[in-house]
Structure formats: C-alpha cells, structure tokens
Amino acid sequence: MTYKELLASSAVKVHNCACMGLDPQWDVLPYRSGHIADDLQRFFQQLLETMVKYNLSPAAFKPNIGYYAVLDDPRKGSFEGSLALASILSMLESLFPGIPVILDSKRGDIARSSANYAQEAFEVWRCDAVTVSPYMGTDSITPFDEEASGKKGIYVLNRTSNPGAKDLQALQVGNGDMREPLFMAVARQIDRWSERMGGIGAVVGATNLEELSLVATLHARHEVPLLIPGVGSQGASAKMTMHSLRDAGYPVSYARINSSSALTHPWKMAPAPNGWLDRCIANIDKLLEETAL
C-alpha cells in the first residue's frame, strides 16, 4: 500500500481527517512518580484506551520527537523519553491498526545524513511518515524519497503556523510581475517533487486561511497530502479549515488537520485538574466532529 492509499483508507475507516499530536509535557501531566517512562506510558495508556472505549479515533497521530528526546539524559545512561515514545508507538500500533503515525522531527540534511534521518523515522521508530525541512533543496529530499519508496510519507515544511514563519516564508522572490512569497515558490517545488516522488506532502498551517487556500488549490491537482497544524492552542478553527480546503477543491481525505496540546493537556499548567481525562476526551471528540468527512 502506498502512503497516499494509507491516508485515504484510514480517513474512510474513521470518517474524519483529524491528526492527534502527541507532545506531552511531563511536568504538567497527572502522574509524577519520578519515573518518566512509566508516567508517560500510564498517562497515554489511560487516554488511548478510553478513546478506544468510546470509539474515538483520529485519522493520524503525530508525536514530536523533541518532547521525548528532551527527557533523555544519554550521558548518564538514561533514555526515559525514548523508552516512553517506543511504548506509545507500540500502543498506537495495537489499539489503532491502520492509522498512520507521523514522526514530527523536521529533519533535513544531504546525502548519507538525510538517509540516516529517514532510516531513523522509518526503520528505527517504524513510523509511516516524517516531517522534513526543504531548505537544502532536492539534495535533502531525495534521500528521504529513496528510503520511503512511495510507501512512506514525507511532509515538507511549506507555510508553517508559527508567527515567526513570516520572517522567511513571506519574503517576496522572483522577478517583475512573477514575484511571489517564498512559501508559494516552495509549494510549486513540492508540487514538482510530487510528480516523481509518491509520498511527498506539505506542512501548511491553518492560522492563515487565505494562504492555506492558495497552497491547497495548487496541491489539489496532484492530490499532495497536507499536514495542517495550528488548530486548538494556536487559535485556528478546524471547522473553518475544512471549509477552506473544500472551497479550494482539495480532496480532504488526503489532509490531516492537527491539534496537539489541546487534546493531551489543555490545562497547560500543573497540577492536572480533577476530571482531566474528561476534558481531553471532550476536546478529541470535538476535533473529530469538526473534521468529519
């Protein structure tokens, strides 16, 4: 099965195009025994098993590797964060079969270095897709494509949802009447890559719907998969994002609209409140409803 086929089949299976970010902040979670891997495993097991109980499944999961790597202390022989991530990935595979997992690592280098990062995502962590920086161009993307062989996804950073993205991504490039924002030039390059790389997708934030519509309209032609962050804590609306995609003629089964902290720890600050699980489940249910196909 190709990655695009996996996206389409998982969206049909769960009737939505939501993506659940798994970016835990250990210091605000309800379990704090001091054993990080055990605490994270206990938290996610309770949350994920409750989702299964209520038949709540997004169409993708997206752990950000930075939230786990920072909990390691390799020079002291401690890998609590990595062990937690490994345990969570195994849970997802068992509880949500057929649902893709996107490793948000934003890698990007050239030659063997890029191939190593691809192997890290696809063979070490055994994820279905990875996020990649395009700054070094085709030399950076090609090794990921060679490792993916069309069966894995490669989401290229295009127009991200953070406020500082405008510093570079909004710069005008080109000559005369052909000038356009850099993010649109990157989008056109992603579109060209997609013609010969089967798993190529784009990361496009939901925090500016006009820009999202421009990119979605371009990518609709080749059905380039879109990973769309910014919903929830960053202020974007899943419902309005769905409207923008449909108005752009984009096939929404290839989109994954992501929310992270609003689903796993919406209280933001320790201690976790009474009824924390109910709050998480309510937010997850709302996202799935607003991204329904």
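Cβ-Cβ contacts under 9 Å between residues 6 or more apart (or on different chains), taken from a first residue in segment 188-206 that is at pLDDT 95 or above to a second residue that is among the aromatic types (F, W, Y) and open to solvent by 20 Å² or more (accessible area, probe 1.4 Å), are listed as G201/Y254.
Among the residues of segment 110-130, just one is open to solvent by 60 Å² or more (accessible area, probe 1.4 Å), assigned to a helix (DSSP H, G or I), in contact with a Pro (Cβ under 8 Å, 6 or more places away or on another chain) and aliphatic (A, V, I, L, M), namely A111. Of all the numbered requirements in (1) free of Cβ contacts under 8 Å to residues at least 40 places away in the same chain; (2) open to solvent by less than 40 Å² (accessible area, probe 1.4 Å), E147 misses one, and that requirement is (2).
Note on segment 53-97: among residues that are within 23 Å of I281 (Cβ to Cβ) and of a type in the set (K, R), the one that is most open to solvent (accessible area, probe 1.4 Å) is K53.
Within segment 241-256, the residues that satisfy the criterion of being open to solvent by 10 Å² or more (accessible area, probe 1.4 Å), over 16 Å from R159 (Cβ atoms) and of a type outside the set (F, W, Y) are H243, R246, D247, G249, P251, V252, S253.
Reported count of residues in segment 211-237, each being surrounded by fewer than 24 Cβ atoms within 10 Å (Cβ to Cβ), assigned to a helix (DSSP H, G or I) and touching a Ser or Thr at 6+ places or on another chain (Cβ under 8 Å), is 1. Determine whether segment 244-267 contains at least one residue that is part of a strand (DSSP E or B), within 25 Å of F144 (Cβ to Cβ) and aliphatic (A, V, I, L, M). Yes: one or more hits. The residues in segment 1-50 that are free of Cβ contacts under 8 Å to residues at least 24 places away in the same chain, touching a Pro at 6+ places or on another chain (Cβ under 8 Å) and not aromatic (F, W, Y) can be counted, and the count is 0. For V12, the stated conditions hold: it is open to solvent by 10 Å² or more (accessible area, probe 1.4 Å), part of a helix (DSSP H, G or I), over 16 Å from S94 (Cβ atoms) and not hydroxyl-bearing (S, T, Y).
Scanning segment 161-210 for residues that are aliphatic (A, V, I, L, M), in a loop (DSSP other than H, G, I, E, B) and either open to solvent by 10 Å² or more (accessible area, probe 1.4 Å) or in contact with a Leu (Cβ under 8 Å, 6 or more places away or on another chain) (or both) returns A170, L171, A206.
The values are calculated or read from the model by the stated rules, or taken from the named source; none is laboratory data. The shown structure was predicted, so the numbers you read here are calculated from the model rather than taken from an experiment. Here the Cβ is made from the backbone with ideal geometry for all residues, glycine too, and neighbour counts use every protein chain on show. In case anyone asks, the SASA skips ligands and DNA or RNA and just uses the protein heavy atoms, side chains included. Shrake-Rupley method; radii C 1.70, N 1.55, O 1.52, S 1.80 Å.
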